[in-house]
Each structure stands twice: as structure tokens, then as C-alpha cells.
Amino acid sequence: MADIKQLRQAEHDLRAKGRAINDMLKAEGRDPTPEEDEKLDAILAQIGEAAEAVKAEEARMDRARAFTVTTAPGEGNVSVTGGRPRLEDDPKRGFVHFGEFLTAVKRAARAGGDVDERLRLGAAPTTYGNEAVGADGGFLVPVDYSQRLYDLSLEQDALLPLTDNDPVSGNGMSFPAAETTPWGTNGVRAYWEAEASQATQTKPVLDRKELRLRKLFALVPVTEELLADSAAIGGYVERKAAESIRWKTNEAIVNGTGAGQPLGITASSATVSQAKETSQTAATINATNIAKMYARCIGPNMGTWLINPDAYNQLIVMTIGDQPIWTAPTQGMASAPGGLLLGRPVLFADSCATLGTVNDIIFGNFAGYKTITKAGGIQTATSMHLWFDYDVSAFRMTFRVDGMPWLSAAISPAKGSVTRSHFVTLATRA
């Protein structure tokens with residue numbers, strides 16, 4: 001039977017093999033061939049088997065671990081077998097607060113620094129070799145702190161909670177997608193049948209879509225003075241990391257290119273653009289624009305308005321006849337900080353374009369945007385060398401996510417020629 005070091009090395013080698021293929025594809029700027037795709041899938045399966053073997057061996061070692069309790073002289077020793085360190089069951093890994101954990105990571109990162117035993121329980125290999133930190137590059141954030149960082153990144157104006165999200169344990173997810181309509185010419189369809197006639201057969205038309213986790217990281221500089229106060233550093237890093245992750249995730253969902261990051265709403269061929277009104281004044285948004293955008297959204301009763309703050313003053317005075325179409329929320333500002341437009345919440349989004357240009361206002365049903373996130377939350381690593389001359393250390397929080405709109409193209413209605421989509425933008429008003 002292979003020992004734990006051999007099993008871990010085998011898993012490490014498999015990951016390196018997969019990374020080499022991905023690095024090659026990235027360098028050549030292309031998607032994998034069917035053969036390479038099959039090879040990557042095989043490697044992923046082997047990694048899963050290797051990880052299970054490591055987990056099983058670690059469990060066996062825990063069961064075999066023996067503790068000796070020394071009694072009074074002359075009474076001999078009592079050997080107790082079985083059990084496991086109770087610290088492993090603590091979601092905080094024995095740390096009092098997040099700042100104490102970060103301080104321990106910082107000490108371990110120094111050349112020849114002591115590694116706190118509580119960190120060893122959360123050591124995890126990364127994509128590069130580094131003897132200074134963790135197993136070969138990083139220490140996992142304890143579960144409680146990881147979840148708190150994740151929760152903070154989803155507060156306020158975060159778009160990720162609005163999407164159709166699935167946490168995944170692997171590196172990606174493949175899922176079937178059907179873009180046929182009940183009135184279309186293919187896919188599952190219903191027919192009126194004459195008496196005693198043979199039923200018309202139909203079948204679903206399915207496509208396979210795939211998401212692969214993209215790595216997003218927040219780099220947080222921390223002074224030595226702040227590091228000296230472990231309680232203060234915890235709140236500072238949590239706040240700054242959450243702000244960065246939230247902003248970059250929002251930006252990707254709205255404007256992502258799909259290359260090394262999620263495919264955003266504005267880059268998707270499924271998004272429709274509502275034309276401006278004839279003789280409409282430049283850099284304006286009017287009630288007719290809003291009504292037409294609403295009508296072109298699939299599931300508008302689930303929609304959310306995203307708007308550049310520069311355009312907000314035009315919404316709050318907007319009316320149809322003598323009736324306002326913007327209203328202040330009746331249940332507080334938490335779910336709709338910008339109020340309600342045609343009954344749907346308005347969110348300020350600096351990812352939207354400047355007033356008067358396409359994408360300054362977007363109406364979207366985010367159930368039509370698919371995302372995946374890495375189960376287990378966020379990982380941290382540290383460097384004391386990046387800003388050495390400023391006496392500043394850097395903490396890096398890594399978060400993995402990918403996403404894309406469910407539809408690959410806008411949908412034509414059963415009657416009429418105006419296309420519809422989960423996401424509608426307003427064309428430039430120059």
C-alpha cells in the first residue's frame with residue numbers, strides 16, 4: 001500500500017499534468033480539441049480518485065493514531081487507540097478571530113519562520129511550488145472565516161446572488177441547455193390530432209454548455225503597524241477583500257469577455273438593444289425607453305434594473321401621463337437601494353456605461369444567467385516581498401467563479417418581429 005506521501009505526490013503530479021495542458025492551450029490562444037478535452041476529463045477523474053485515496057489514507061491514519069496517558073508511578077501506562085484531534089472539528093481551527101489567523105500566516109511566510117500547528121490542519125497545495133507557505137503555496141482559510149468573507153462579498157449591490165448559481169467541488173460543470181420555444185419548428189411540440197390518426201412524434205433538441213472555474217483574487221496590502229494589532233487586521237482584510245471580489249465579480253457579470261473570465265451580459269449575443277426614440281435628446285432616458293425595455297425582457301416580473309449613478313436623476317422624475325413610474329421602496333432600501341422602476345428594483349452599478357451610451361441602463365432577469373462557484377469558499381496566501389521597501393505585506397484572497405447567459409441568441413416571439421431576451425440594454429442616444 002502506498003504511503004500518504006506517495007499518494008499526495010501522485011495527486012500533485014496529476015494536477016501538474018492537467019495544468020500543463022491548460023497552460024499550452026492558453027499560450028496558443030485556442031480551445032481544446034476533442035482529444036485534448038477527453039484527456040483533460042480523464043485527468044480530472046484520476047485527480048478525483050487520487051484525492052479520495054489521500055482522504056481514505058488520512059482517515060486510516062487517524063483511526064490508527066494512539067495516545068498514551070501516563071498515570072501515577074507504579075500504575076503503568078494506559079494506551080488509548082482511535083480518535084482524532086478535536087481541533088479538526090473546529091470551523092475556526094482554534095483561532096480566536098480572523099486577525100489571529102492572518103498573523104499566524106504572516107509569521108509562517110517569513111524565511112525560517114515558525115508554522116503554527118493550527119495552520120497545518122488547513123494546508124493545501126496550490127498551483128506553484130513555495131516552501132515558505134503551506135503545503136506548497138497556501139493555507140486554507142478556516143471554514144468560519146471563509147464563509148464570512150464570502151458572505152461579505154455578496155452584500156449590498158452584489159449581482160452573484162441574483163444569478164442561477166451552483167457551487168461545484170471540481171473545476172467545472174457541463175449542463176444540458178434547450179433553447180427551443182413552444183412555437184418553434186423543432187424540439188418538443190404539441191399537436192392537435194384527428195381521431196384515429198397517428199400521433200406526431202417530437203424530441204427535445206439539447207445542447208451542451210460548459211463552465212470552467214476562473215480564478216479571481218483580491219490583493220490586500222497591510223502595514224507592519226496594522227499587523228501588530230491582530231484584531232484590527234481581521235476586519236480590515238475582510239472588508240477590503242470583500243469589496244474587491246464583489247466589484248470584480250459584478251464587472252465580469254456585466255462586461256466580462258469570456259476569455260479567462262465569465263462571459264458578461266454586454267458581450268453576449270443573446271442580449272438585445274432597444275433603439276432610442278425618434279428625435280430623442282442626447283444623453284437622456286425617457287419613459288418610453290423604459291416601457292419598451294420592460295416589454296422585451298423574458299420574465300420581467302423577476303427583473304432588476306442596473307443603472308449608472310449618473311443617470312439616476314432622470315429616473316426619479318419619470319412619469320407616464322401624471323403617474324410616476326419610479327417609486328421609493330415601501331420595505332426599506334435593502335433590496336432596492338435605488339427604489340423601484342415599474343415595480344422592479346433599481347441597483348446602482350458602476351459597471352454600467354456612462355449616461356447616453358449603450359449599457360448605461362440594463363434591465364435583466366438574472367435567472368437567465370448561469371454561474372458556478374468553487375465549493376469551500378476562499379483561499380489565502382501572503383507575501384512579505386512584494387512591497388518590502390514600504391514595510392508592507394500583501395495578503396491574497398482567491399475566489400473561483402465562472403458564468404454565462406443561458407441563451408446564446410435572442411428569441412423571436414410567436415407573433416411579431418421584436419426579439420426578446422433575459423437582458424435588454426438601451427442603444428446610444430447621441
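The values are calculated or read from the model by the stated rules, or taken from the named source; none is laboratory data. All of these numbers come straight from a predicted model, not from anything done at the bench. Virtual Cβ from ideal backbone geometry, glycine too; neighbours counted across all protein chains shown. These accessible areas exclude ligands, DNA and RNA; they are computed on the full protein's heavy atoms, side chains included. Shrake-Rupley method; radii C 1.70, N 1.55, O 1.52, S 1.80 Å.
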Review point. For the pair N301 and E179, what calculated FRET efficiency results from E = 1/(1 + (r/R0)^6), where r is the Cβ-Cβ distance and R0 = 22 Å, to the nearest 0.05?
Key: 0.55
Revision key, fill the gap. Excluding residues fewer than 8 positions from K17 in its own chain, the lysines with Cα under 20 Å of it are K5, K26, K39, K215
Check your understanding: What is the stretch 265-353's relative contact order, in percent, from Cα pairs under 8 angstrom and six or more apart in sequence?
Key -> 26
Practice item. Quick one: accessible surface of T281, probe radius 1.4 Å, all protein chains present, in square angstrom to the nearest 10. Key: 90
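Scaled to the compact-protein estimate 2.2 N^0.38 Å, what is the alpha-carbon radius of gyration of the stretch 15-58, rounded to two decimal places? Don't skip to the answer; put the middle values down first.
On the way: Rg = 12.7 Å, N = 44, 2.2 N^0.38 = 9.3 Å.
Relative to the rule-of-thumb radius for its length, the stretch 15-58 sits at 1.37.
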Exercise for review: Could you check the simple spin-label distance between E36 and Q201, using points 7 Å along Cα→Cβ, in nm with one decimal?
Suggested key: 3.9
Check your understanding: With all protein chains present and a 1.4 Å probe, how do D310, D322 order by accessible area, largest first?
Key -> D322, D310
Point to revise | Accessible heavy-atom area order of M404, M318, M302, highest first, probe of 1.4 Å | key: M302, M404, M318
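In the stretch 295-374, what percent of the accessible surface is made up of carbon and sulfur (1.4 Å probe, ligands and nucleic acids excluded)? Provide the component values of the computation, followed by the final result.
Values: 1940 of 3300 Å².
Here carbon and sulfur together make up 59 percent of the probe-accessible area.
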Check your understanding: Could you give the nm distance between label points at A275 and A27, where each point is 7 Å from its Cα heading toward the beta carbon?
Key -> 5.0
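How would W247, W326, W192 rank on accessible area, largest to smallest, probe 1.4 Å? Mind showing how you got there, number by number?
Numbers: W247 115, W326 50, W192 255 Å².
The ranking, largest first, comes out as W192, W247, W326.
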Exercise for review: Report D41's accessible area, 1.4 Å probe, all protein chains in place, as a number in Å² to the nearest 10.
Suggested key: 80
Check your understanding: For the stretch 13-18, in order, what is each residue's ³J(HN,Hα) by Karplus, 6.51 cos²θ - 1.76 cosθ + 1.60 with θ = phi - 60°, in whole Hz (x at glycine and Pro)?
Key -> 5, 5, 5, 5, 5, x
Review point. Which FRET efficiency value, to the nearest 0.05, do you get for R212 and Q323 by plugging their Cβ-Cβ distance into 1/(1 + (r/R0)^6) with R0 = 45 Å?
Key: 0.40
Exercise for review: Pop a pseudo-label 7 angstrom from the Cα along the beta-carbon direction at both V188 and N165 and give the gap in nm to one decimal.
Suggested key: 2.9
Review point. Can you give the extra length, in nm with one decimal, that the chain gains between A375 and A51 once fully stretched, where that is 0.36 nm per residue apart less the Cα-Cα distance?
Key: 115.1 nm
Study note, to complete from the structure: Sorted by chain and then number, the residues having a modelled amide H within less than 5 Å of the amide H of R214, at least 5 places away or on another chain, are V401, D402
**Study point:** Average projection area in nm² (convex hull over Cα atoms of the stretch 199-336, one quarter of hull surface)
**Key:** 16.7
